[in-house]
Amino acid sequence: MFHYTIKRLLGIIPTLFIVSIFIFMFVHMIPGDPARLVAGPDASYKDVELVRQELGLDQPKVKQYFVYLGKILQGDLGTSMKTKRPVFDEIADRFMPTFWLTIWSMVWAIVFGLLIGVISATKRNKWQDYTGMFGAVSGISLPSFWLGLMLIQLFSVKLGWFPTGGIESWKSYILPSVTLGAGVAAVIARFTRSSLMDILREDYIRTGRAKGLKENVVVWNHALKNAMIPVITMTGLQFGFLLGGSIVVETVFSWPGLGRLLIDSVSFRDYPVIQAEMLLFALEFILINLIVDVLYGMMNPQIRYK
Amino acid sequence: MKNGTVDLHIKDGRQEAEKVRTPFLEFWRKFKKQRIAMIAAFFIGFLFIVALLGPFIAPYSAVEPDYENILSSPSMQHLAGTDAFGRDIFSRIIEGTRISLFVGLSSVFFSAVLGTILGLVSGYYGGWLDNMIMRICDVLFAFPGILLAIGIIAILGPGLGNVVIAVAIFGIPTFARIVRSSTLSIKETLYVESARSVGASAKRIIFKHIFPSTLSSIIVYFTMRIGTAILTAASLSFLGLGAQPPSPEWGAMLSAGRDFLNTAPHVTFFPGLSIFITVLAFNLLGDGLRDALDPKMKD
Amino acid sequence: MSNRLLEISNLKTYFFVDNQQIPAVNGVDLFINEGETLGIVGESGCGKSVTSLSIMGLLGHTPGKVVDGSIRFKDSDLLTLPEDKMRKIRGNEIAMIFQEPMTSLNPVYKIGQQIGEAVRLHLKYDKKKTREHVINMLKLVGIPRAEEIIDEFPHQLSGGMRQRVMIAMAMSCNPTLLIADEPTTALDVTIQAQILEIMKKVKQEKGTAMMLITHDLGVVAEMCDRIVVMYAGKVVEEADVFELFENPKHPYTKGLLNSVPKLGLKSERLTSIPGNVPTPANMPKGCKFAPRCIEVMEICKTEDPELSQISNGHQCRCFLYEDEFVKEAK
């Protein structure tokens, strides 16, 4: 298991390397002169040249990349063009709200997704299955911003149960996390259903029933434990979807998180912040996939005992 | 003499083999059994008609303001009410259909063409080329879809055309992977081997033999992807990165209606509902096609 | 007549697929006495396995359904027994071994957990006693290092070892009837012999009755007291093992016996039965075996013969023996 983890850990290094090149190139793909961009449209020619030297933009690209990489590794992500603060600080302020939002969304998504998936699989082709699966395909098709706005309209404006946006108390988390989790819950439900249905056809499930086990025990212990192995992998991939979805949901709920920061930065053309955010999102995504891989190994005895 | 778990020799297809069926008839036989997917297909057909006829069937102009009728609730005159400029929301939704379908279809078409070529090349030739293409796909996969699109728009600038490009790019790797994996499995089958042995060129083998076999996966994924593409494009417009007001793009309409959520919720409700139903129809059709064409394919 | 343990009468199990009904088991009568080993023989598709699943009440997850008949086990009819009572019989009174040892064990549970689960459920042993019992069962089926294997996962064991585990699991609650559905088919020949030996030993030790489903007549000859031959969902012949091998009556049974090589008779050519088991869609009108039968007569093509007694304990379903049938059977 230890070796497996180490192997996975080493495996992400090439991906990280290429991702960093991509993100480095990002700024250079923007049409126009990056030095002029940083200095601003009103800056004099001399100022622009000064900025160019300061940022090392006059150096060869390869050298620039390694300077950039070195800075990232030291936690230096540049300076925000909008606030003139270090990008690192900007992001650090916004990190926790987004973190908790995604965690809570994932909790909902897993609880409801699994429940619906298991019920649909065990009540195959009955009304529970049809309802569950129609709900799931609807969940996948729902625009999260619309769902969010409708929830606000109903629960905040009409009923006054929850705040309309921002973070005030624990109540603030409910609507955004439900909005963000709905799509993922739907994906988990569909995947759990098909995975569990495959498992329920396995010979060892028949063995369990032949032992005289209750159907509940067969489904929830014997089948689900096997079905969870692919479900966990897929759920991990959905974290990426959550990170992406948080951008939209944070805009709907005026959430002081990374997603809103990104949108603000895009409209302000605050490239250092955009660059850092993309790096951070990619890093998180890769890290989550790594954790999922390790979890997968832990769940699967065939890998665990090698 | 292996006899599985149950002596169930019903599906050995003896009766079915008696009638020779073309692949299309076989597909049609399975597909028409799925009533929900059929309804979805009809609905999508209807949407295309609406998109084509657009301005001819819309009861009001989609862009002309009418300051007499600002934010009026749904009524017989204005089925979905009017927006902050007094424009008929129902008419704007009809006009928006064209935009959404265009964005969805064109972006997925680009993804499919490029992804399929990459997947075919990658799967057929293998080696360093395969390695390189798949590495790049890995990197694109390292970004959550919409983030990649936002990054691309950050470079290209906001606008509907750039949304199409952004959404198209982030769809490429998935097509490439799907096509690559079916290419790999088909490549080894006998008929390709035999085609190669009679001296067919690589180009011929790829396009005459491998590509048609991957077509069913491509069609299924294409359909499913359209829903996602419409949804993503609408999200980007909602975020202010796509279509700009006064365009009757559904996401942009919704965004514009946010300010009146307290007083006129219908301004956000109907455009959102349109997105939802359209995406739902494509997803249901995709599910149906998958069950009929490619049952092994998972979500 | 010794004590009847299980008696199946007129069992009909149909499969419902695509609005068609397919009779997989079509009026089977058979019985098993206490401590006896009954062999059920036939080609694949003849309804052997469906019969066993009907007994176990495990058809609920297949398109199959029992439409007629009764299955008496001890004092109750298994077909009308409520599910919770049935669960107390499954794995406890009637246990089953399946064909595929490689896939019949749950990959994410340890061997000990999988056997112990049934023990704790039916015998209500505590944790410590369960573990002891499981180790004893593993030793009984000849598993070396039982104390270690109990904490291993299925993928760490070979096919033969897994089938031993399956036997240990099936026997762990001292069932009165063991149903073994092709227990050795998936195994190497050398392992097959070992597994049969173990089954024989365990059965003798515990006095369990056994229903052995197989297509392998060698296995039947070695293990069984009595044999039922099935064809196309029906019993076509039934006799004790010596009678059947010495004096087979039904042309299908004869065909089966002729397709097995015999020691000593070197030059004799092996014959095979021409044709295949008919599919439900083109089931012949009269005797189901008529199209493949070398002794077929005119009547066979239009009428289906009854299962009738030829001599004491020997029944056959064939028009060839009309004259020999004992009129007042039973």
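The values are calculated or read from the model by the stated rules, or taken from the named source; none is laboratory data. Quick caveat, the model's predicted, so the values are computed rather than measured. Cβ coordinates were reconstructed from backbone atoms using ideal geometry, including for glycine residues, and neighbour counts include every protein chain displayed. With ligands, DNA and RNA removed, areas are computed over all heavy atoms of the protein, side chains included. Shrake-Rupley method; radii C 1.70, N 1.55, O 1.52, S 1.80 Å.
Just one of the numbered conditions (1) within 30 Å of residue C:124 (Cβ to Cβ); (2) within 14 Å of chain A (Cβ to nearest Cβ); (3) not aliphatic (A, V, I, L, M) is not true of residue C:207: (2).
Per the conditions (1) open to solvent by less than 70 Å² (accessible area, probe 1.4 Å); (2) touching a residue at least 40 places away in the same chain (Cβ under 8 Å); (3) in contact with a helix residue (DSSP H, G or I) (Cβ under 7 Å, 6 or more places away or on another chain); (4) farther than 30 Å from residue A:168 by Cβ, the sole criterion not satisfied by residue A:79 is (1).
Could you say whether any residue in region A:5-25 is open to solvent by 90 Å² or more (accessible area, probe 1.4 Å) and within 14 Å of chain B (Cβ to nearest Cβ)? I'd like the intermediate steps shown before the answer.
Step one: filter region A:5-25 for residues open to solvent by 90 Å² or more (accessible area, probe 1.4 Å), giving A:7, A:10, A:13, A:17.
Subset that is within 14 Å of chain B (Cβ to nearest Cβ): A:13, A:17.
Yes, some residue in region A:5-25 is open to solvent by 90 Å² or more (accessible area, probe 1.4 Å) and within 14 Å of chain B (Cβ to nearest Cβ).
Apart from one condition, residue A:125 fits all of (1) at positive phi; (2) buried (at least 22 other Cβ atoms within 10 Å of the Cβ); the exception is (2). If you go through region C:54-81 and keep only what is open to solvent by 60 Å² or more (accessible area, probe 1.4 Å) and either of a type in the set (D, E, K, R) or farther than 19 Å from residue C:12 by Cα (or both), you end up with C:65, C:68, C:72, C:74, C:75.
In the list A:301, A:272, A:230, which residue meets the criterion of being touching a Gly at 6+ places or on another chain (Cβ under 8 Å) and surrounded by fewer than 24 Cβ atoms within 10 Å (Cβ to Cβ)?
A:272
When you check residue C:76 against the structure, is it within 14 Å of chain B (Cβ to nearest Cβ), among the hydroxyl-bearing types (Ser, Thr, Tyr) and in contact with a Lys or Arg (Cβ under 8 Å, 6 or more places away or on another chain), yes or no?
No; evaluated as a whole, the condition is false for this residue.
In the set (1) more than 23 Å from the chain's Cα centre (by Cα); (2) surrounded by fewer than 19 Cβ atoms within 10 Å (Cβ to Cβ); (3) free of Cβ contacts under 8 Å to residues at least 12 places away in the same chain, the condition left unmet by residue A:267 is number (1). Taken over region B:18-64, the criterion of being more than 21 Å from residue B:90 (Cα to Cα), among the β-branched types (Val, Ile, Thr) and exposed (fewer than 13 other Cβ atoms within 10 Å of the Cβ) is satisfied by B:20, B:22. For residue C:8, the conditions (1) at pLDDT below 85; (2) out of contact with any His (no Cβ under 9 Å at 6 or more places or on another chain) are fulfilled apart from (1).
Scan region C:115-126 for residues that are at the interface with chain A (Cβ under 10 Å from one of its Cβ atoms) and within 25 Å of residue A:300 (Cβ to Cβ) and report the count. Number satisfying all stated conditions: 3.
Out of all the residues in region C:20-63, which are within 14 Å of the chain's Cα centre (by Cα) and in a loop (DSSP other than H, G, I, E, B)?
Of the residues in region C:20-63, the ones within 14 Å of the chain's Cα centre (by Cα) are C:25, C:28-32, C:36-56.
Selection gives C:36, C:42, C:43, C:44, C:45, C:46, C:47.
Close contacts from region B:213-233, counting a first residue that is closer than 11 Å to residue A:143 by Cβ and away from chain A (no Cβ under 14 Å) and a second that is part of a helix (DSSP H, G or I) and open to solvent by less than 20 Å² (accessible area, probe 1.4 Å), with Cβ to Cβ under 6 Å and a gap of 6+ residues or different chains, come to none at all.
Pick from A:252, A:248: which is buried (at least 22 other Cβ atoms within 10 Å of the Cβ) and in contact with a Gly (Cβ under 6 Å, 6 or more places away or on another chain)? Quick ask: steps written out before the conclusion?
Working: A:248 fails: in contact with a Gly (Cβ under 6 Å, 6 or more places away or on another chain).
When all the criteria are applied, what remains is A:252.
Residue-wise test of (1) touching a Leu at 6+ places or on another chain (Cβ under 8 Å); (2) free of Cβ contacts under 8 Å to residues at least 24 places away in the same chain; (3) surrounded by fewer than 17 Cβ atoms within 10 Å (Cβ to Cβ); (4) farther than 23 Å from residue A:281 by Cβ.
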residue	(1), (2), (3), (4)
B:81	yes, no, no, yes
B:90	yes, no, no, yes
B:94	no, no, no, yes
B:99	yes, no, no, yes
B:104	no, no, no, yes
B:108	no, no, no, yes
B:124	no, no, no, yes
B:184	no, no, yes, yes
B:189	no, yes, yes, yes
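Okay, residues lined up against (1) in a loop (DSSP other than H, G, I, E, B); (2) hydrophobic (A, V, I, L, M, F, W, C):
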position	(1), (2)
C:86	no, yes
C:92	yes, no
C:105	yes, yes
C:108	yes, yes
C:113	no, no
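Results for (1) more than 30 Å from residue C:78 (Cα to Cα); (2) more than 12 Å from chain A (Cβ to nearest Cβ); (3) open to solvent by 20 Å² or more (accessible area, probe 1.4 Å), shown as yes or no for each residue.
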{"site": "C:95", "(1), (2), (3)": "no, no, no"}
{"site": "C:108", "(1), (2), (3)": "yes, no, no"}
{"site": "C:113", "(1), (2), (3)": "no, no, yes"}
{"site": "C:128", "(1), (2), (3)": "yes, yes, yes"}
{"site": "C:133", "(1), (2), (3)": "no, yes, yes"}
{"site": "C:144", "(1), (2), (3)": "yes, yes, yes"}
{"site": "C:158", "(1), (2), (3)": "yes, yes, yes"}
{"site": "C:166", "(1), (2), (3)": "no, no, no"}
{"site": "C:178", "(1), (2), (3)": "no, no, no"}
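All of (1) touching a helix residue (DSSP H, G or I) at 6+ places or on another chain (Cβ under 6 Å); (2) under 29 Å from residue A:21 (Cα atoms); (3) open to solvent by less than 30 Å² (accessible area, probe 1.4 Å) hold for residue A:293 with one exception: (3).
Scanning region A:50-63 for residues that are among the charged types (D, E, K, R), farther than 13 Å from residue A:182 by Cα, surrounded by 14 or more Cβ atoms within 10 Å (Cβ to Cβ) and at pLDDT 85 or above turns up nothing.
I'd like to know if region B:268-286 contains one or more residues that are outside any helix (DSSP H, G or I) and touching a Leu at 6+ places or on another chain (Cβ under 7 Å). Outline the logic, then answer.
The initial filter retains those residues of region B:268-286 that are outside any helix (DSSP H, G or I), namely none.
Taking every residue of region B:268-286 in turn, none turns out to be outside any helix (DSSP H, G or I) and touching a Leu at 6+ places or on another chain (Cβ under 7 Å).
The residue of region B:49-93 that is nearest to the chain's Cα centre (by Cα), among those that are outside any loop (DSSP other than H, G, I, E, B) and within 16 Å of residue B:245 (Cα to Cα), is B:93.
Candidates in region A:134-143 are the residues that are facing chain B (nearest Cβ under 9 Å) and part of a helix (DSSP H, G or I); of these, the one that is most open to solvent (accessible area, probe 1.4 Å) is A:134.
Among residues belonging to region A:26-46 that are part of a helix (DSSP H, G or I) and away from chain B (no Cβ under 14 Å), point out the one that is nearest to the chain's Cα centre (by Cα). Within region A:26-46, the match that is nearest to the chain's Cα centre (by Cα) is A:38. If you check C:6, C:11 for being in a strand (DSSP E or B), closer than 23 Å to residue C:241 by Cα and open to solvent by less than 50 Å² (accessible area, probe 1.4 Å), only one passes: C:6. With respect to the conditions (1) within 19 Å of the chain's Cα centre (by Cα); (2) in contact (Cβ under 8 Å) with a residue 24 or more places away in the chain; (3) more than 7 Å from chain A (Cβ to nearest Cβ), residue C:100 falls short on a single one, namely (3). If you go through region B:126-154 and keep only what is at the interface with chain A (Cβ under 8 Å from one of its Cβ atoms), over 23 Å from the mean Cα position of the chain (by Cα) and open to solvent by 20 Å² or more (accessible area, probe 1.4 Å), you end up with just B:135.
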